[in-house]
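In what follows, a structure is listed as structure tokens, so that the remarks can point back to it.
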Amino acid sequence: MSTLNHMHHGLHHTLHSLAEGWSALKQRASHALTRFTLREPPHEGGKLTQGASRWGLLPAEVREENDWITIDIEIPGMEADDFEIQILEDQLIVRGEKRNVHEGSIGERYFLLERAYGFFERVIHLPAEIDQDNIKARYRRGVLSISSPKTSHNRSQRITVTTA
């Protein structure tokens with residue numbers, strides 16, 4: 001195999017591998033891709049929030065264990081009382097607002113800004129009906145965990161989040 005053919009084969013393999021990786025990432029993480037929006041325009045000097053990403057990943061895991069459903073969502077940088085959680089039919093809706101605590105610091109310069117700030121809403125389909133009277137939600141180490149026993153009936157209700 002000539003050097004040119006060897007390079008062509010290597011480049012083709014690399015591009016195929018990259019395309020396959022992006023396709024797998026898109027398929028697995030498309031639901032986790034979440035839009036962050038600002039409720040009000042940034043104040044003067046709020047260039048950080050203005051320049052922050054409008055999209056972020058809020059990856060989740062939904063597990064069924066015997067008679068329980070557990071949902072874990074990675075949402076770092078928040079407090080337990082920053083969340084609004086609601087069950088609506090067969091969906092878990094998590095809303096919140098991620099704020100930048102460094103906003104407005106004088107003399108700061110950012111060289112990389114990949115984190116998203118603002119209001120978000122993440123909707124997760126529940127695999128079974130849950131007992132809304134016995135839902136527990138806790139926030140610890142950047143992970144929001146919501147668990148409930150399964151049941152055969154469903155209705156709309158808000159859930160309070162506690163600290164661990």
Based on the mean of other Cβ atoms within 10 Å per residue, sort peptides 126-139, 25-38 so the most packed one is first.
126-139, 25-38
Which one, L112, N134, L92, projects farthest toward the positive side of the charge dipole computed for the stretch 65-144 from Cβ point charges (K/R +1, D/E -1)?
L112
How big is the dipole moment of the stretch 112-152 about its Cα centre under a simple scheme where the beta carbon of each Lys and Arg is +1, that of each Asp and Glu is -1, and everything else is neutral? Debye, nearest 20, please.
280
Could you check the simple spin-label distance between S145 and Q91, using points 7 Å along Cα→Cβ, in nm with one decimal?
2.7
In nm, spacing of pseudo-spin labels at R99 and K136 (7 Å Cα→C-beta vector):
3.0
What accessible surface, in Å², does a 1.4 Å probe find on D81, ignoring ligands, DNA and RNA and rounding to the nearest 10?
130
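The values are calculated or read from the model by the stated rules, or taken from the named source; none is laboratory data. Just so you know, these numbers come straight off a predicted model, no measurement behind them. Cβ sites come from the backbone with ideal geometry, for glycine too, and all protein chains shown count toward neighbours. Surface areas here come from the heavy atoms of the whole protein model, side chains and all, with no ligands, DNA or RNA. Shrake-Rupley method; radii C 1.70, N 1.55, O 1.52, S 1.80 Å.
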